[in-house]
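Below is one structure, written out as structure tokens, with a few remarks after it.
The values are calculated or read from the model by the stated rules, or taken from the named source; none is laboratory data. This is a predicted model, so every value here is computed, not measured. As a convention, Cβ positions derive from the backbone with ideal geometry for all residues, glycine included, and neighbour counts pool all protein chains shown. Accessible surface is based on the protein model in full, side chains and every heavy atom, while ligands, DNA and RNA are left aside. Shrake-Rupley method; radii C 1.70, N 1.55, O 1.52, S 1.80 Å.
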Amino acid sequence: MAQHWRIRHLCLVLGLMVAAVMGSALAAQEDCAPHWADGFGAPGLPFVEQAVMFDDGLGAGPRLHVIGLVPHADGVSWGVARWEGDQWVTIGVVRASIPQSSSAYLRAIEVADLNDGRGQGLFVGGAFAQVNGVPANGIARWDGVRWEPVGAGVDEGAGQINVIRHMAEGSAPGLYIGGDFVRVGGVSMRFVARWDGQSWHSTGNPGFIVYDMEVTRNVGGQGPCLIVGQGTSSAGFVSRWDGSGWSVIGQANGPVRGVRAYTDEQGRTSLYASGLFTHIEGVQTRFLAMYRDSAWTPVDMRLSGVSDLRLNLRPNGVKDSFDLVVSGAFTVQGFGPRTLMLLRQGEWIDPGLNSTRGVVSTLVLTPDGDDAAMLVVCGSFSRAGNVVTPNIALFEEGVGWSGFTTPGEGITGSNLVVRAMAVGPDVVPGETALYVGGQFDAAGFVPLANVGRWDGSSWRPLGDGLNASVNALAGFQDGLGTLIYAGGGFTASGQTSVQGIARWDGAAWHSVGEGLQTSQGGSGIVRAMTVYDDGHGAGERLVVTGTFTKSGSTPLPGRVAAWDGQQWSSLGTGLPTSGTINSMIVFDDGEGPMLYAGGQFSSIGGVAAAGLARWDGLAWHPVPGWTSGTVRAMHVHDDGGGPELYVLGDFSGVGGLNVQDFARYRDGGWRIVGVNLQSGDDWSTMATFDDGIDSRPALFLLGEKAVWRWNGQSWRSVYTRDPNNGLGTHPIHVARPFVFGADRRPALYLGGGFWSVGATPSNYIAAWVGCPTFEEALLNALEITRGTHLFGDVNSIRHVSSGWLRVRSGYGQTFTDLHSMILHVRGMTAAASPETLGVNVVSRVNQPSGTQRVQLRNWDTGTFVTIGTSVIGPFDRLHTMENIQASRFVRHDGAIEVSIRHVVVAPVFAFNFESDIDWVQVMVR
């Protein structure tokens, strides 16, 4: 026990032998109910598709309205939100028809006054059947108070609306919709349709899917017209609608994704087109072209690597601003890959948007006067410049970026996913933290690079982070202490090369040996890792699997390898040329601990083992009773009958049982886990966690559609996804128990690709917060107050692990006769205390000579009773006193006081010396 407490000055362990006297602890349990933690929503909106300014006529003037993923009473869904200066307010949520379970979403937004006497309205389009419960097929109108359908709309299942534009002039004014739909109001209307305020009208067939539209004048002919960008994967068209018919003004060798028109001060109109083309009307371009005076010309030849390209322009009448806004996913010569660039007088300007998703839309705002225009950027990103502003930001030339943020600790960034979690040492000695890895740029308002540290209340970065996705995390004692190891597809941390695997020492990331490489010399990829001691004298080693064949000059065949803190070695011949390992875990089924590997393979180490095998330190072996199948995840759990290996995947009939995709193994035999899983449920991982509901920790089964818990007797649903809401299209990838909040409540953290769990917004990370056990509730009922002779203030009280409370006081020294600390148990009195008290004190003082005296205050006499005396020295001392009469040592208000008196004998003179307490740990039994 003494060896456990490596503490700077003094450590007290007070054991209180209490019976049913802690009513406050029991009350804390009774008042608690497990729940999903608030606070993990995005610090803004989870995703923004497009934005417009709209004045709803309610007196607040024009305000920013967006379509995207928005929070609401039932979770997070596609909808419409309004910015009110300091918060987003959701005004509409779209749904598919009931009982249809297909998803609903939005793609278009437009403000228009159709001169029908109803004033301006906000129109949204996409694929949906209702808004806030109001039936509306694919398109709806908001007047500032209520939603209403726009006629019969686009038939559900007949396609989606990509764009909405209002043409107020010409022979066919109205609201135009474009997309890939083929039927409106039960009538065949392909790709473009017009609403005149009363009914829908066909425009004929423009021939191809429409991606974008622009209303302008005198382009390809005289008068008002509608220009559309459209196409297929191999051909594109810029087409013109004049109110009566279609004409093609530009044919390209790829789809046209964006069209915008600009009229200069001389009245000349220029039409810009962007897309995945390199020629239009025989003119060589590079994804961007301009049409003016009946001719096409290239705009800029420095673009390459384009996978998406969209446009916006400087507003008419605004001087001294950018000419062109290009967004999407592309590369500009001299700048590299970008998602947003400004073009001014032929020169590219990088505004500094950090996004890799490749889908960015822009809204240009016209300021008063001739000042430069402002730009609202929407999409999937976490930062704009140095400002953390998830998914929507405002850019002003000469000013920079600003955001639209609200409180939230969720994960944000581009191509988001959380894949890995591990509990390991924190920067504070003796403390722990939850390490989270995946693909992300920030958490809350803290910039991160694919990996971060959560202490239960706040995020911290890990140095320069890692430059690509993190797939696995593990704590490993490598001779330098327990350090965090990360595996994934990254190659660097800042300027440090870390190929596939890296080690965090608390200050920076380091290479693990020479890293991992493929046979071609490229960086390897780690997919899973675990710690294993094979019992043959080598000690613990970090075992990793993924895509690699060597580390420097050391061959590592079979894509499974072990790191002992100094060098890499292989585990036999590993996998053949094909096959992958998805999960590794250590389990002892009675023959000693073995390393189990599950995945999709036919053999390993030359041994036939289809999907599941085990390593005993010398060779690979098949698992008794396993037939074949794919293993997605494994977990060791004890439901009261001893530890068992739980296996999740795609298999049936193991051990001769009628099992489907889920089974448990022990002592050479297989068993069913209460119920067979339904195919298509997409279960992905498991975890053990005590949420306080049952008398023992439960097994949690987690997937894309639900979270269930198994208490050893029956299954209980924790969460089931609404088909139109919830976890989205990605499963939960990882789950780890840790603590949550300032009171360090036990919690099970989930990471994956979701936006909410139930009605709780949870951006890619969530926490199921449990109830404290009786022991933890007892600790919550305990206070520590400063004694009259204690130097320094108590500045923190919190749990550090199950059953322990750490009280940290100010650091210093004081020459006092007596050094004491009072421990006060709320709800316990002298009359309601146990009959006897047991006290264990572990103390350590690093002085050259003298004695230390451990004492307990007798409240009846006011004096201290010595329970142990020892010689001072640089080692731990354990003092124990049992069967103390509690009525004398527990004050009427429940206070118990323990003190240490040090009598130091100096070479020349004697004096009483006392070091300040650095921290105290208390355990109530």
* **Unique residue being open to solvent by 20 Å² or more (accessible area, probe 1.4 Å), farther than 19 Å from residue 293 by Cα and part of a strand (DSSP E or B) when the list is 190, 194** => 194
* Sort out which residues of segment 411-450 are outside any strand (DSSP E or B), of a type in the set (A, V, I, L, M, F, W, C) and touching a residue at least 12 places away in the same chain (Cβ under 8 Å), and write them in order of number. => 416, 427, 440, 445, 448, 449
* For segment 602-641, how many residues are among the β-branched types (Val, Ile, Thr), open to solvent by less than 40 Å² (accessible area, probe 1.4 Å) and in contact with a helix residue (DSSP H, G or I) (Cβ under 8 Å, 6 or more places away or on another chain)? -> 1
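Conditions (1) within 30 Å of residue 772 (Cβ to Cβ); (2) part of a loop (DSSP other than H, G, I, E, B); (3) without any contact (Cβ under 8 Å) to a residue 12 or more places away in the chain, marked per residue:
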residue	(1), (2), (3)
626	no, yes, no
647	no, no, no
674	yes, yes, no
693	yes, yes, no
* Enumerate the strands (runs of 3 or more DSSP E) found wholly within segment 81-177, keeping only those where 2 or more residues are under 30 Å from residue 240 (Cβ atoms). => 105-112, 121-127, 139-142, 161-167
* Go through segment 33-65 and give me each residue that's open to solvent by less than 10 Å² (accessible area, probe 1.4 Å) and either without any contact (Cβ under 8 Å) to a residue 24 or more places away in the chain or among the aromatic types (Phe, Trp, Tyr) (or both). => 40, 54
* To do: Please work out which residue is modelled with the lowest pLDDT, limiting yourself to segment 685-704 and to residues that are in contact with an Asp or Glu (Cβ under 6 Å, 6 or more places away or on another chain) and open to solvent by 10 Å² or more (accessible area, probe 1.4 Å).
  => 704
* Residue identified as open to solvent by 30 Å² or more (accessible area, probe 1.4 Å) and under 20 Å from residue 71 (Cα atoms) among 390, 407 -> 407
* Asked: When residues of segment 736-771 are filtered for being more than 12 Å from the chain's Cα centre (by Cα), among the hydrophobic types (A, V, I, L, M, F, W, C) and part of a strand (DSSP E or B), how many remain?
  -> 8
* Structure fact -> residue 232 vs (1) modelled with pLDDT under 95; (2) over 27 Å from residue 154 (Cβ atoms): all pass except (2)
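Select from segment 460-484 the residues that are in a strand (DSSP E or B) and in contact (Cβ under 8 Å) with a residue 60 or more places away in the chain and write down the one among them that is farthest from residue 416 (Cα to Cα). Before you say what the answer is, go through the steps one by one.
Step one: of segment 460-484, the residues in a strand (DSSP E or B) are 460-461, 470-477, 482-484.
Filter once more, so that each one left must be in contact (Cβ under 8 Å) with a residue 60 or more places away in the chain: 471-472, 474, 476-477, 484.
Working: 471: 13, 472: 16, 474: 21, 476: 27, 477: 30, 484: 22 Å.
Among those residues, the one meeting the criterion is 477.
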* **Of all residues making up segment 527-565, the number that are under 22 Å from residue 424 (Cβ atoms) and within 33 Å of the chain's Cα centre (by Cα)** => 19
* Please state which one of 574, 546, 558 is touching a helix residue (DSSP H, G or I) at 6+ places or on another chain (Cβ under 7 Å), among the small types (Gly, Ala, Ser) and either outside any loop (DSSP other than H, G, I, E, B) or not assigned by the TED database to the domain that holds residue 624 (or both). => 546
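Regarding residue 107, is this residue open to solvent by 50 Å² or more (accessible area, probe 1.4 Å) and in contact with a strand residue (DSSP E or B) (Cβ under 6 Å, 6 or more places away or on another chain)?
Yes: the conditions hold for residue 107.
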* How many of the residues making up segment 577-597 are of a type in the set (S, T, N, Q) and either part of a strand (DSSP E or B) or open to solvent by less than 70 Å² (accessible area, probe 1.4 Å) (or both)? -> 3
* To do: Scan segment 205-232 residue by residue and report those that are at positive phi, in contact with a strand residue (DSSP E or B) (Cβ under 6 Å, 6 or more places away or on another chain) and part of a loop (DSSP other than H, G, I, E, B).
  => 218, 220
* Asked: Pick from segment 256-283 the residues that are among the charged types (D, E, K, R) and open to solvent by less than 40 Å² (accessible area, probe 1.4 Å): which of them is farthest from residue 225 (Cα to Cα)?
  -> 264
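Considering segment 284-305 alone, what residues qualify as being part of a strand (DSSP E or B), open to solvent by 10 Å² or more (accessible area, probe 1.4 Å), of a type outside the set (Lys, Arg) and touching a Lys or Arg at 6+ places or on another chain (Cβ under 8 Å)? Break it down stepwise before answering.
Looking only at segment 284-305, we keep the residues that are part of a strand (DSSP E or B), and these are 284, 288-292, 295-298, 303-305.
Filter once more, so that each one left must be open to solvent by 10 Å² or more (accessible area, probe 1.4 Å): 284, 290-292, 295-298, 304-305.
With the extra rule that they be of a type outside the set (Lys, Arg), the set shrinks to 284, 290-291, 295-298, 304-305.
Of everything in segment 284-305, those that are part of a strand (DSSP E or B), open to solvent by 10 Å² or more (accessible area, probe 1.4 Å), of a type outside the set (Lys, Arg) and touching a Lys or Arg at 6+ places or on another chain (Cβ under 8 Å) turn out to be 298, 304.
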* Structure fact -> Those residues of segment 73-103 that are modelled with pLDDT of 85 or more and open to solvent by 10 Å² or more (accessible area, probe 1.4 Å) come to a total of 13
* What number of residues in segment 479-491 are open to solvent by 20 Å² or more (accessible area, probe 1.4 Å) and at pLDDT 95 or above? -> 2
* Search result, residues across segment 485-513 that are outside any strand (DSSP E or B) and without any contact (Cβ under 8 Å) to a residue 40 or more places away in the chain -> 489, 491, 494, 495, 498, 499, 505
* Asked: Got at least one residue in segment 263-279 being at pLDDT below 90 and outside any loop (DSSP other than H, G, I, E, B)?
  -> yes
* Are any of the residues in segment 213-232 within 24 Å of residue 312 (Cβ to Cβ) and of a type in the set (Lys, Arg)? -> yes
